């Protein structure tokens, strides 16, 4: 590695509203059966909870779930629009599903057919979609990271027709409207959240949070601001590798994807991991302050643009890989795909 080529000089610490805790590990699990990988979650007006896992949409029932619909492709995002659910399906586009499991095509335009990472409904009939990459599917995050991919986009679907309103983005992964109708966008590969004016899409976006110590994900509105999911956190080892494009290409071409030294939704406990990322074990226990390959985090972005509070599952915890969140009354429901469960945080 060439020290003179270092661009990502440091990973900022988690402090202030992001100070580490173990509150996610104390959350109540809503699924007591295994085999799920909840990616996104929505709640309809009647209080019923639905979540995506794999190629299906599921209805939460007690401490288990029943399949509402099999959508024939990886479900990459969910949104509520009135009394129906809009789902983004890789290879298919946007579909709508009602509470009875009836599935109707909504928009199959090629702009939203692959790698839709999040959906935001402004008014019924107007949906904004973030597309992480034009080159890869939603499961291609790690490859896009190593490639330095900047082919992401923001797409407006109006009256079931799609048009691109922003291009060349660094894996946009989350969307939500603010109180003034502007669009909050999380950009995974540039570690920031910005605000965009939809009435003037070509205007320079305003940065809300920059140089975050993690890769921000989906954004959902709450009573006190916006909840942001964090599927991955940054670590110094990966940052050094990303400063070497040649090394990144060698990893892609010569090393199995499962062994790339990049963040993951969960730790697989491969025997090589401690050496690859400098993780510290004492008597076989991975310390919570060790460099993270996987982590659990969701935080509240206040209306003043500051992080108000956060819920963590540190390196030594198990509730990692948070990909979806929704506020439901006095509770927050968290989809921890890395942990394979839905979690409930009460008394917000």
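Here, each number is a calculation from the coordinates, and none is a lab measurement. The model shown is predicted, which means the values in this text are computed figures rather than measured ones. Neighbour counts are summed over all protein chains in view; Cβ atoms, including those assigned to glycine, are modelled from backbone coordinates with ideal geometry.
Structure above, values below:
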quantity: Which label in (i) 32, 61, 8; (ii) 26, 58, 15, 1; (iii) 28, 49, 22, 1 gives the computed P(r) over Cα pairs in 20 Å bins from 0, in percent; calculated: (i)
quantity: Difference of contour (0.36 nm per residue) and Cα-Cα distance, residue 252 to residue 211; calculated: 12.2 nm
quantity: Within a Gaussian network of the chain (alpha carbon springs, distance under 10 Å), most fluctuating of 144, 199, 186; calculated: 199
quantity: Max mean-square fluctuation residue, GNM over the chain, Cα-Cα springs under 10 Å, options 250, 109, 26; calculated: 250
quantity: Residue of 237, 203, 292 that the Gaussian network model of the chain assigns the largest fluctuation, springs spanning Cα pairs under 10 Å; calculated: 203
quantity: Footprinting exposure proxy for 135, 63 (fewest neighbouring C-beta atoms within 10 Å first); calculated: 63, 135
